[in-house]
Amino acid sequence: NFRDAFQHFPQTAKMTLDQLLSISCDPLNVKGYFDACTPFHLSGVAQPFWHDWSLADLHVFFTPEPLHHWHHEFYDHDVKWCLAAVGEQELDFCFSVLQPLTTF
């Protein structure tokens, strides 16, 4: 419950996809789209990679424990390896030239 007294509903795939469908702003309007996603607490991803997984619901298998593990795995190993390989300034530069929004 993350120390929240309110019992939140599971964030089901159907609920997330319905919320995304209700947003009428063009995803290429980055600021406008992110602003439209904010009331739903959505990240701004217009078409999640799992959108066509008919029998999968992420809230069932992407639970907080593995998400926490993968986050730390990424930072404690991958990011630190990249920093050691190319340095902080080069890594910052590489991230700075990424497009703000990537879609397929």
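Coordinate-derived values only; no laboratory data. This one's a predicted model, so the numbers in the text were calculated from it and none came from an experiment. For neighbour counting, all protein chains shown are included, and Cβ atoms are generated from backbone atoms with ideal geometry for every residue, glycine included.
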Place a +1 charge on the Cβ of each Lys and Arg in the chain and a -1 charge on the Cβ of each Asp and Glu, then give the dipole magnitude about the Cα centre in debye, rounded to the nearest 20. 260
Kindly state, as a whole number, the per residue volume in cubic angstrom of the convex hull around the alpha carbon atoms of region 63-104. 100
Neighbourhood charge, 15 Å Cβ-Cβ cut-off, centred on E73 and excluding it, Lys, Arg +1 and Asp, Glu -1: -2
Sort 14-26, 69-81 for me by packing, meaning the mean count of neighbouring Cβ atoms within 10 Å per residue, highest on top. 14-26, 69-81
Give the label of the value calculated from the structure for Cα Rg over 2.2 N^0.38 Å, choosing from (1) 1.33; (2) 1.42; (3) 1.18. (1)
How much space per residue, in cubic angstrom, does the convex hull of the C-alpha atoms of region 1-59 take up? 100
